[in-house]
Amino acid sequence: MAAGRRYVERTPLLAPPDDWTPVPTSSAVTPDLGRIGFWRGGPMLTPGMAAAVERLGYGTIWIGGSPTADLGIAEQLLGATEHVTIATGIVNIWTAPAAEVADSYHRLEQAHPGRFLLGIGIGHRERNDDYRKPFAALVDYLDDLDAAGVPVSRRVIAALGPRTLRLAADRAAGTHPYMTTPQHTRFARETVGPDVLIAPEQRLVPSTDAAAARESARGFLDRYLSLSNYRRTLESRGFSAAELDDGATDAAVDALAPHGTPAELAAAVQGHLDAGADHVCVQLLPQRDDPLPGLEALAGELGLR
């Protein structure tokens, strides 16, 4: 399927309130994400970095972590750039009230029409004491966004399993899966059909030193491989428990966080596109290193400039 395509808005299940002020007509179309984006934790993103990433040709900058409901970081990045899409990956439904997020969405849309995509998700059971009936809570959150006039076409859901993927197809422009592989992307495409946006995140280590790269990747992966939703997803898509336990095997680490030359990293990204992704956002490890040199090299291999 064509990369960077635009998606037509589906009809919301609830009409916006009578006193809602419509935003510009660009809100009826999902922003053009481009083929490749950049994912980075919000506290490590700066306006200057965003401007540099835009110049390198990346189509979308994803604000990782759990941005606050005021979406202040998105506002800063939009103000520092000219055309790149800014997306959240993801706003946590337990910590960011839907009404506040909707107000922030409309503020951003009025100031920067057509350039913001709202990614939402349910986070992790292990990190939330209030994590009860998460699927129902996600549906309620989407109902609140509908009621506040946030268009279906301007939001994506962090979906991993079939039930949530189908919800993303029905109630959003699509899905933004995290900590997955091309095998999951293929499964997601089979689940949601041909016309739903799939925009996975992919971890990359721009180093040809295998030992150092794996050490960095293991340090990063350790926090995620103990979380039930990621473990369940990875084990359902071809990994055994033994491969993921005790820091994971070298083969599992290499599959989850590939390392190598820019050409080898570009091939890892292409794996998602070949499996059915419309857009892939890359996260470079180690997280706190300056990502721009690696992004520049990767941009050349992917033909972004």
Handout entry: Flag for ARG214 being closer than 22 Å to GLY271 by Cα, touching a helix residue (DSSP H, G or I) at 6+ places or on another chain (Cβ under 7 Å) and not aromatic (Phe, Trp, Tyr)
Key = yes
Fill in the blank from the handout: Screening ASP274, ASP290 for residues that are out of contact with any Cys (no Cβ under 8 Å at 6 or more places or on another chain), surrounded by fewer than 18 Cβ atoms within 10 Å (Cβ to Cβ), over 16 Å from ARG214 (Cα atoms) and free of Cβ contacts under 8 Å to residues at least 40 places away in the same chain leaves only ASP290
Practice task
For LEU304, indicate whether it is at pLDDT 95 or above, farther than 30 Å from GLU190 by Cα and surrounded by 15 or more Cβ atoms within 10 Å (Cβ to Cβ).
Solution key: no
Fill in the blank from the handout: If you go through TYR178, TYR131, the only one that is of a type in the set (Phe, Trp, Tyr) and modelled with pLDDT under 95 is TYR131
Completion exercise
Considering residues that are among the small types (Gly, Ala, Ser), outside any helix (DSSP H, G or I) and surrounded by fewer than 16 Cβ atoms within 10 Å (Cβ to Cβ), the number found within segment 205-246 is 3
Practice task
For residues that are more than 29 Å from ALA299 (Cα to Cα) and of a type in the set (A, V, I, L, M, F, W, C), tally how many sit in segment 236-285.
Solution key: 5
Practice task
Determine the pairs where a residue that is over 15 Å from LEU33 (Cβ atoms), located within segment 148-172, has a partner that is part of a helix (DSSP H, G or I) and among the charged types (D, E, K, R) with Cβ atoms under 7 Å apart, the partner being 6 or more residues away or on another chain.
Solution key: VAL152/ARG171
Practice task
Return yes or no: is ALA158 buried (at least 21 other Cβ atoms within 10 Å of the Cβ), at pLDDT 95 or above, under 20 Å from THR85 (Cα atoms) and within 13 Å of the chain's Cα centre (by Cα)?
Solution key: yes
Practice task
Under 6 Å between Cβ atoms, at least 6 apart or on separate chains: pull out the pairs that start in segment 78-102 with a residue that is free of Cβ contacts under 8 Å to residues at least 24 places away in the same chain and end on any residue that is surrounded by fewer than 20 Cβ atoms within 10 Å (Cβ to Cβ).
Solution key: none
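The values are calculated or read from the model by the stated rules, or taken from the named source; none is laboratory data. In this text, all values refer to a predicted model and were calculated from it rather than measured experimentally. Glycine also receives a Cβ, built like all others from the backbone with ideal geometry; neighbour counts cover every protein chain displayed.
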